[in-house]
1. Find how much the distance from Ala111 to Asn50 grows on full extension, using 0.36 nm per residue of separation minus their present alpha carbon separation; answer in nm with one decimal.
2. Considering only Cα-Cα distances, which of the following residue pairs are longer than 26 Å: Lys106/Lys196; Lys114/Lys137; Lys62/Lys114; Lys114/Lys169?
3. Could you give each residue of segment 126-135 its phi-based ³J(HN,Hα) in whole Hz, using Karplus coefficients 6.51, -1.76, 1.60 with θ = phi - 60°, and x for Gly or Pro?
4. Sorting His90, His201 on the 10 Å Cβ count, fewest up front, what's the list?
5. 7 Å from Cα along Cα→Cβ at both Asp34 and Val138: what's the point-to-point distance in nm?
Amino acid sequence: MPNRNISPLLKFLRTLAACVVLAATGFAQKSTSDQVLGLRGNIAIYATVNGNNTVIEFRGEKTLVLVGQRDAASLTPSPWAGTGRLLLAHGVIGIVGDDGMRTLLKFPRAATPKSLDRLFDTVQTYQIYGIATYGEKVPLTEQQLSSIRQFGESGGGGPKNAESCSDCKSGGEGATSCSEGSCSVTCSGGFYACCKDSGCHCCRDIP
């Protein structure tokens, strides 16, 4: 019997994960990159204390935290907080504030959906290589939120090295997405997904 209690966002994230698999095997439909989910609520954008991630906190019907994983040397959006819309597509995070602020984070090769072109055509794009989502299936504790704000992971940590990427509970080499506990992650080309109790993140492919 199908589960009728799955939230629209979780369904959307599962669809995106399926699209990643299809794209990797060459069977993706052109329309998959045009799927956009819009959420309205209070939004905050900031960089983690360790400087390796851009965090988007969303508070509407529930608390949802997105972590845009990037190289430490990459540009990151200026801190901002206010009410507005959070727009999600495969490899794309768009934020439109009620005050007119607009920012776009995306994978290097991800196509911006046509429905968002006019919103972001004159906005600087910030490159990220992974999008981790926290709080969709399991509500976050204040301790987990504090850890995400510092390190980009609910269980704490630091920059990802070969050792920290070798004990994935789900995902692992060759996986473009995975989920575990309170988080899920989708990665761009050149990275693989690694999920474990401490959080979900993308690791650089091993040559």
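Every number in this text was worked out from the coordinates using simple rules, so none of it is lab data. Note that the structure is predicted; figures quoted are calculated from it, not measured. Note: ideal-geometry Cβ built from the backbone for every residue, glycine included; neighbour counts use all protein chains shown.
1. Going from the current span to full extension adds 19.1 nm.
2. Numbers: Lys106/Lys196 24 Å; Lys114/Lys137 29 Å; Lys62/Lys114 28 Å; Lys114/Lys169 36 Å.
Beyond 26 Å between Cα atoms: Lys114/Lys137; Lys62/Lys114; Lys114/Lys169.
3. 9, 7, 9, 10, x, 10, 9, 10, 10, x
4. His90, His201
5. Computed distance between label sites Asp34 and Val138 equals 3.8 nm.
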